[in-house]
1. For THR48, which of the numbered conditions (1) of a type in the set (Val, Ile, Thr); (2) without any contact (Cβ under 8 Å) to a residue 12 or more places away in the chain; (3) open to solvent by less than 50 Å² (accessible area, probe 1.4 Å) fails to hold?
2. Give the residue, chosen from ALA110, ALA70, that is in contact (Cβ under 8 Å) with a residue 40 or more places away in the chain, within 20 Å of SER34 (Cα to Cα) and open to solvent by less than 20 Å² (accessible area, probe 1.4 Å).
3. Using the structure shown, decide if THR57 is under 13 Å from the mean Cα position of the chain (by Cα) and farther than 29 Å from GLU28 by Cβ.
4. Can you tell me which residues in the range 102-144 are assigned to a helix (DSSP H, G or I), within 26 Å of ARG54 (Cα to Cα) and aliphatic (A, V, I, L, M)?
5. I'd like the full set of residues that are surrounded by fewer than 15 Cβ atoms within 10 Å (Cβ to Cβ) and either in contact (Cβ under 8 Å) with a residue 60 or more places away in the chain or within 16 Å of ASP130 (Cβ to Cβ) (or both), limited to the range 74-99.
Amino acid sequence: MTMAEDNMAEDKVADDDVADDDVAGLRELVGRISTPQELRQVLDAVGTDDELERIVTEVGCEAVLDRVFALMGTRFLAGRAGRESGIVQWNIQTPDGLRAYHVTIAEGTAVGGRGAVERPRTTLTVSTPDVLRICSGRLNGVSAFMAGKIKLSGDMMFGARLESLFDNDAGGSATGT
């Protein structure tokens, strides 16, 4: 191996180490997200949708989405829901394929989880970057629907009301953490 090739190999190893450190740091950061503001900080550190999807893939789609959906109940505004109940299924388009998550709203609580449900009241289909923006308060759900970023099926009135049932720390409410 020539000296130049040896230096290039060392640089490649160093780049791989940095990438591994970056992914480990991102995993730790995702694991600590507990508010929409913290999710916004992650989104603000990322440029494009492609970059966000790359990071989500490196950290693990399930790790990111599991964290976001686990926090849904902590952001639920039960007083606004009244007697409203139903299951919202989220079909999320990820770089690794479609992932199903759901939020069950009943008896003054909301609980998020992984997996499809048999009879959702409303089904939302959205990309990974857009679901993260909605949950962080960076993207308004109704505006996203009007722009074609969210596909909604089922009870449209319930779907339109979802945004008001969750606090996003952004001076309003959003459908998410």
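1. Condition (3) is where THR48 drops out.
2. Numbers: ALA70 fails: open to solvent by less than 20 Å² (accessible area, probe 1.4 Å).
Selected residue: ALA110, the only one of ALA110, ALA70 that is in contact (Cβ under 8 Å) with a residue 40 or more places away in the chain, within 20 Å of SER34 (Cα to Cα) and open to solvent by less than 20 Å² (accessible area, probe 1.4 Å).
3. Details: under 13 Å from the mean Cα position of the chain (by Cα): yes; farther than 29 Å from GLU28 by Cβ: no.
Judged against the criteria, THR57 is not a match.
4. Initially, the range 102-144 is screened for residues assigned to a helix (DSSP H, G or I), giving 128-136, 141-144.
Among the residues that remain, those that are also within 26 Å of ARG54 (Cα to Cα) are: 128-136, 141, 143-144.
Within the range 102-144, VAL131, LEU132, ILE134, ALA144 qualify.
5. THR74, LEU77, ARG80, PRO95, LEU98
The values are calculated or read from the model by the stated rules, or taken from the named source; none is laboratory data. All values reported here derive from a predicted model rather than from experimental measurement. Using ideal geometry, Cβ is built from the backbone for each residue, glycine included, and neighbour counts are taken over all protein chains shown. Please note that ligands, DNA and RNA were not included when accessible areas were found on the heavy atoms of the full protein model with its side chains. Shrake-Rupley method; radii C 1.70, N 1.55, O 1.52, S 1.80 Å.
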